[in-house]
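Asker: Pasting a structure below so you can have a look.
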């Protein structure tokens, strides 16, 4: 499967996922979908990422930011449980989808990161 095919399949799942969130009145905003290597390198060197090869660089990841009960849900480790059902829903769309809620970087969860594994 070509990279553009993977990106297309990821985009289709993301649209379905976002439609699901909207239908459940889950407030979210869209963050980063693509990033340059120079940005990824800076994030890695400053302990905001644990990799130099983020799926964002391949347009196979998107960050979503959530509000529950009118309150913004930040990346504190104690908020993982709040977002976990949302992460599990994302994973249910495709076995190659993943959610980074249980990844801890610099004392923060990466709970807003939704991606697709490259094959």
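Asker: For residues that are modelled with pLDDT of 90 or more and either over 11 Å from the mean Cα position of the chain (by Cα) or surrounded by fewer than 19 Cβ atoms within 10 Å (Cβ to Cβ) (or both), tally how many sit in segment 103-117.
Answerer: Count: 1.
Asker: Tell me, which residue of segment 25-48 that is more than 23 Å from residue 104 (Cβ to Cβ) and loosely packed, with under 11 Cβ neighbours inside 10 Å is nearest to the chain's Cα centre (by Cα)?
Answerer: The residue in question is 36.
Asker: I'd like the full set of residues that are closer than 12 Å to residue 101 by Cβ and under 12 Å from the mean Cα position of the chain (by Cα), limited to segment 64-74.
Answerer: The answer is 64, 66.
Asker: Also, quick follow-up: Taking the conditions exactly as written (closer than 30 Å to residue 69 by Cα, in contact with a strand residue (DSSP E or B) (Cβ under 7 Å, 6 or more places away or on another chain) and modelled with pLDDT of 95 or more), does residue 21 satisfy them or not?
Answerer: Here the answer is yes, as residue 21 does meet what is asked.
Condition check ((1) under 19 Å from residue 119 (Cβ atoms); (2) part of a strand (DSSP E or B); (3) out of contact with any strand residue (DSSP E or B) (no Cβ under 9 Å at 6 or more places or on another chain); (4) touching a residue at least 40 places away in the same chain (Cβ under 8 Å)) across all residues:
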residue: 38; (1), (2), (3), (4): no, no, yes, no
residue: 48; (1), (2), (3), (4): no, no, no, yes
residue: 51; (1), (2), (3), (4): yes, no, yes, no
residue: 79; (1), (2), (3), (4): no, no, no, no
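Asker: Test of understanding: among 60, 16, which residue is touching a strand residue (DSSP E or B) at 6+ places or on another chain (Cβ under 7 Å) and modelled with pLDDT of 95 or more?
Answerer: Testing whether each residue is touching a strand residue (DSSP E or B) at 6+ places or on another chain (Cβ under 7 Å) and modelled with pLDDT of 95 or more leaves just 60.
Asker: On the basis of being loosely packed, with under 14 Cβ neighbours inside 10 Å, modelled with pLDDT of 95 or more, assigned to a helix (DSSP H, G or I) and more than 14 Å from the chain's Cα centre (by Cα), does residue 8 make the cut?
Answerer: The answer is yes for residue 8.
Asker: Further question on the same structure: Condition test on residue 65, is it surrounded by 14 or more Cβ atoms within 10 Å (Cβ to Cβ) and in a strand (DSSP E or B)?
Answerer: Yes, satisfied.
Asker: Can you tell me which of 100, 94 is surrounded by 13 or more Cβ atoms within 10 Å (Cβ to Cβ), within 21 Å of residue 7 (Cβ to Cβ) and modelled with pLDDT under 95?
Answerer: Exactly one residue qualifies, and that residue is 100.
Asker: Identify all residues within segment 82-116 that are out of contact with any helix residue (DSSP H, G or I) (no Cβ under 8 Å at 6 or more places or on another chain) and part of a strand (DSSP E or B); write none if there are none.
Answerer: 105, 113
Asker: Suppose we filter 34, 42, 48, 67 for residues that are within 20 Å of residue 17 (Cα to Cα) and at pLDDT below 95; which single one remains?
Answerer: Sole residue among the options that is within 20 Å of residue 17 (Cα to Cα) and at pLDDT below 95: 34.
The values are calculated or read from the model by the stated rules, or taken from the named source; none is laboratory data. Just so we're clear, the structure is a prediction, and the values are computed from it rather than from any experiment. So basically every Cβ, Gly included, is an ideal-geometry build from the backbone, and we count neighbours across all protein chains shown.
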